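Asker: Take a look at the following structure, please.
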Amino acid sequence: MRPFWIEQALFSDGALAPALQGDTTADVCIVGGGFTGLWTAIQAKQKNPALDVVILESDLCGAGASGRNGGCLLTWSAKFFTLKRLFGEDEAVRLVRASEDAVGHIERFVREHRIDAEFRRDGTLYTATSKAQIGTLDPVMAALEERGINSYRELPPQEIARRSGSAKNLAGVFSPEAATVHPGKLVRGLRRVAIEMGIRIHERSPMIALSEARPAIVRTPCGSVTAKKVVLAMNAWMASTFAQFERTIAIVSSDMIITERCPELLAATGLVDGVSVLDSRTFVYYYRTSMDGRIMLGKGGNTFARGGKIAPIFDERSPYEGELTEALHDFFPSLKNVPITASWNGPSDRSATGFPFFGRLNGAPHIFYGFGYSGNGVGPTYMGGQLLSSLVLGEDNAWSRSPLTQGPLGQFPPEPLRYAGSIVVRNAIRRKERAEDEDRAPWMIDRMLSKLANAAGKADKAA
């Protein structure tokens, strides 16, 4: 089943790139035609127009996480404490600024290349939907302010309710450094631009074998690419393809619903622009409107994969459609009679740190990888393209020297402990947040177990 965004994008761009037939050569072969692969190819080609680049995509460009997310283009500013702990203060400040710069870079790119990605730079609201969530971002906002990189401002409760369209949002902060996009149209637009730049793309051409010799050889069912350098941009599928990464990510669904068009009702709630709204749960509720007058609501942390395998459920309607619909009506009672057009889900590659990681496969100097975006990849994949293109071209810059290139910084427990533990922690978080919604004190054991989900959280805590 094609997710809603990709179905819409393919309606206006139904052309398929040909599958690879026969053997070919290239300077660079990129495996994966989503945001990471496309941004890497485009940025490498911009720096070196003579570079011969081939992209191999197992399905259609954007059919993975890139075309089935919520389209919230966010930054890393709310995760400053974790960045500082992992990489040091100077790099943390640089990465916060780079993540905010990425919003502007993407905006300029889609305008310059006439990509109808429905880009709306209307900012983001981080809200509290229970008393326990109020003030969650205060410590990180103070730290950002101290370093001169704070883009947030607290709004009065009535302004939060007005701008978010829902009285369920009790408090919150606003940052203008964010946008929303139609992810399917963005990824298909990047594909078009890549082809116009002379980048060769082969869809329906999965990698079935990789020779790490120099030059490397990437084999597909009907051909091969012999390349001086290879970039693996497969995101959640890396764990099921390369055994060494099986414990570096937990594959968990992000589930979404979208309504039929109801622009008049949305306007009546106060949702009149493209602001994204995220609450302060561990597995957040997030929502935004679309350009054609719909509202999309999603939530992460629902279905967990066993052993890094992408189960069929990730390509079906969301099994949590009922719960998501109930949550939508809780935020917006006036929409109870608006039909749900579609629901879908997809695999999110959650790393132990909550940040992507990059490196060289088995230490090979000519094979690079990057994944682990942890459900926040629309903007950071542009940064991934900056980093990977720097590595591919052998550049000595802040990206190639970044500690993000050190590979995974932590592992999850082996199976079956990881899967069982994920379910136990997820259920504890649900009980804890249900108690907070009802203004009750959560069980102590649920509070303790919830602290184990740091990597899945939206924002840092001061501790």
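The values are calculated or read from the model by the stated rules, or taken from the named source; none is laboratory data. Just so it is clear, the model here is predicted, and its values are computed rather than measured. When we count neighbours, we look across all protein chains shown, and the Cβ atoms used for this are built from the backbone with ideal geometry, even at glycine.
Asker: Tell me yes or no: at least one residue of the stretch 74-82 is among the aromatic types (Phe, Trp, Tyr), in contact (Cβ under 8 Å) with a residue 12 or more places away in the chain and part of a loop (DSSP other than H, G, I, E, B).
Answerer: Yes, because at least one residue in the stretch 74-82 is among the aromatic types (Phe, Trp, Tyr), in contact (Cβ under 8 Å) with a residue 12 or more places away in the chain and part of a loop (DSSP other than H, G, I, E, B).
Asker: Would you be able to tell me the number of residues in the stretch 123-156 that are in contact with a Gly (Cβ under 9 Å, 6 or more places away or on another chain) and surrounded by fewer than 16 Cβ atoms within 10 Å (Cβ to Cβ)?
Answerer: Residues meeting the conditions: 1.
Asker: Also, quick follow-up: Find all pairs meeting these conditions: Cβ atoms under 8 angstrom apart; at least six residues apart or on different chains; first residue within the stretch 187-202 and closer than 22 Å to GLY377 by Cα; second residue of a type in the set (A, V, I, L, M) and surrounded by fewer than 16 Cβ atoms within 10 Å (Cβ to Cβ).
Answerer: ILE201/ILE195
Yes/no matrix, rows are residues, columns are (1) small (Gly, Ala, Ser); (2) surrounded by fewer than 24 Cβ atoms within 10 Å (Cβ to Cβ); (3) part of a loop (DSSP other than H, G, I, E, B); (4) modelled with pLDDT under 95:
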site	(1), (2), (3), (4)
VAL187	no, no, no, no
ILE195	no, yes, no, no
ARG204	no, yes, yes, no
MET207	no, yes, yes, no
LEU210	no, yes, no, no
SER224	yes, yes, no, no
VAL231	no, no, no, no
SER253	yes, no, no, yes
LEU266	no, yes, no, no
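Asker: Could you say whether any residue in the stretch 6-24 is surrounded by 23 or more Cβ atoms within 10 Å (Cβ to Cβ), at pLDDT below 95 and not β-branched (Val, Ile, Thr)?
Answerer: Yes, the stretch 6-24 contains at least one residue that is surrounded by 23 or more Cβ atoms within 10 Å (Cβ to Cβ), at pLDDT below 95 and not β-branched (Val, Ile, Thr).
Table: residues versus (1) under 22 Å from VAL284 (Cβ atoms); (2) surrounded by fewer than 22 Cβ atoms within 10 Å (Cβ to Cβ); (3) β-branched (Val, Ile, Thr).
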{"residue": "PHE80", "(1), (2), (3)": "yes, no, no"}
{"residue": "VAL96", "(1), (2), (3)": "yes, no, yes"}
{"residue": "ARG162", "(1), (2), (3)": "yes, yes, no"}
{"residue": "LEU170", "(1), (2), (3)": "yes, yes, no"}
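Asker: In the stretch 308-332, what residues are closer than 30 Å to ALA239 by Cα and either modelled with pLDDT under 90 or outside any helix (DSSP H, G or I) (or both)?
Answerer: Matches in the stretch 308-332: GLY308, LYS309, ILE310, ALA311, GLU316, ARG317, SER318, PRO319, TYR320.
Asker: Return the residues of the stretch 323-347 that are over 16 Å from VAL277 (Cβ atoms) and among the acidic types (Asp, Glu); say none if nothing qualifies.
Answerer: Within the stretch 323-347, GLU323, GLU326 qualify.
Asker: Of all residues in the stretch 212-222, which are under 29 Å from PRO408 (Cα atoms), touching a residue at least 12 places away in the same chain (Cβ under 8 Å) and surrounded by fewer than 16 Cβ atoms within 10 Å (Cβ to Cβ)?
Answerer: GLU212, ARG214
Asker: Now for a separate question. Out of curiosity, is ASP59 under 17 Å from TRP399 (Cβ atoms) and either assigned to a loop (DSSP other than H, G, I, E, B) or free of Cβ contacts under 8 Å to residues at least 60 places away in the same chain (or both)?
Answerer: The answer is no for ASP59.
Asker: While we're looking at this one, here's another question. If you check SER348 against the conditions, is it in the same structural domain as ASP52 (by TED's automatic domain parsing), more than 15 Å from PHE87 (Cα to Cα) and in contact with a Gly (Cβ under 6 Å, 6 or more places away or on another chain)?
Answerer: yes
Asker: Against the condition farther than 19 Å from GLU246 by Cβ, in contact with a Gly (Cβ under 8 Å, 6 or more places away or on another chain) and surrounded by 24 or more Cβ atoms within 10 Å (Cβ to Cβ), how does THR381 come out, does it pass?
Answerer: yes
Asker: For the stretch 27-66, what are the residues that are hydroxyl-bearing (Ser, Thr, Tyr) and either closer than 12 Å to ILE201 by Cα or outside the structural domain of GLY346 (by TED's automatic domain parsing) (or both)?
Answerer: Selection gives SER58 alone.
Asker: Confirm whether ASP396 is more than 22 Å from the chain's Cα centre (by Cα), exposed (fewer than 15 other Cβ atoms within 10 Å of the Cβ) and within 30 Å of TRP39 (Cα to Cα).
Answerer: Yes: the conditions hold for ASP396.
Asker: Check whether at least one residue in the stretch 95-116 is in contact (Cβ under 8 Å) with a residue 60 or more places away in the chain, in a helix (DSSP H, G or I) and within 29 Å of ARG431 (Cα to Cα), and report yes or no.
Answerer: No, the stretch 95-116 contains no residue that is in contact (Cβ under 8 Å) with a residue 60 or more places away in the chain, in a helix (DSSP H, G or I) and within 29 Å of ARG431 (Cα to Cα).
Asker: Go through the stretch 257-295 and give me each residue that's closer than 16 Å to VAL181 by Cβ and of a type outside the set (Val, Ile, Thr).
Answerer: ASP273, GLY274, SER276, LEU278, TYR286, TYR287, ARG288, SER290, MET291, ASP292, ARG294
Asker: Now a separate question. Scan the stretch 431-447 residue by residue and report those that are in contact (Cβ under 8 Å) with a residue 12 or more places away in the chain, in a helix (DSSP H, G or I) and not acidic (Asp, Glu).
Answerer: ARG431, LYS432, ILE445, ARG447, listed by residue number.
Asker: Could you go through the stretch 30-38 and let me know if any residue there is under 20 Å from LEU210 (Cα atoms), touching a residue at least 12 places away in the same chain (Cβ under 8 Å) and in a strand (DSSP E or B).
Answerer: Yes, some residue in the stretch 30-38 is under 20 Å from LEU210 (Cα atoms), touching a residue at least 12 places away in the same chain (Cβ under 8 Å) and in a strand (DSSP E or B).
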